[in-house]
Amino acid sequence: MRRQTEHGAPHPDLLALAVQLRRLNGEVNRLVHGFAADQGLHPTDVQALSAILDSTVPLTPGLLRQRLGLTSGAVTACVDRLERAGHITRVRESSDRRVVHLRYVPGAQARARFHFKPLAEATERVRRGFSESELAVVLRFLGDLNEELAGPGHPQA
């Protein structure tokens, strides 16, 4: 598939994909902002919660800073807000007591699940219309796109 037209413009399929990705981003952002407002948080705090929840390795404030592209001070303020709101806890669980891991408080996940339930239900309704092989392609595309956007120096654990 060609990525550009003969005039150098982006291929129409690429433009249509960009429009759909922007629409999806807008809808997810709307839900994120609503959750943040309901919880007395900043939308960046919700991004931090997602990073903590989705991480395959224990996150430290330093790793969270890298993932979100924030300053150390901004991450500290974010972690403080999330801890005060009862969403996360700081845990010293390694032999090096200076190392702090950020853990999502299990009970706090219920608040997020309740707020994002319409997204989960919509996703399930749409998912049912796709075969397993189609879903595998969608997941591969989204995974590859996320890896490409993260680029070097942005660990995605």
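General remarks:
- Any chance GLU93 is of a type in the set (Asp, Glu), at pLDDT below 95 and within 18 Å of the chain's Cα centre (by Cα): no
- Qualifying residue in the range 101-122 (condition: hydrophobic (A, V, I, L, M, F, W, C) and farther than 22 Å from PHE35 by Cβ): no
- Among the residues making up the range 39-63, those that are closer than 25 Å to GLY143 by Cβ, surrounded by fewer than 20 Cβ atoms within 10 Å (Cβ to Cβ) and free of Cβ contacts under 8 Å to residues at least 60 places away in the same chain are PRO43, THR44, GLN47, SER50, ALA51, LEU53, ASP54, PRO58, THR60, GLY62.
- Leading residue by the ranking (farthest from the chain's Cα centre (by Cα)) among those in the range 64-88 that are outside any helix (DSSP H, G or I) and surrounded by 14 or more Cβ atoms within 10 Å (Cβ to Cβ): ALA85
- Screening the range 94-157 for helices (runs of 4 or more DSSP H) wholly inside it with 2 or more residues that are free of Cβ contacts under 8 Å to residues at least 12 places away in the same chain and either surrounded by 11 or more Cβ atoms within 10 Å (Cβ to Cβ) or touching an Asp or Glu at 6+ places or on another chain (Cβ under 7 Å) (or both) returns the ranges 117-127, 132-150.
The values are calculated or read from the model by the stated rules, or taken from the named source; none is laboratory data. Computed from a predicted model, the values in this text were never measured in an experiment. Glycine gets a Cβ as well: all are built from the backbone with ideal geometry, and neighbour counts include every protein chain shown.
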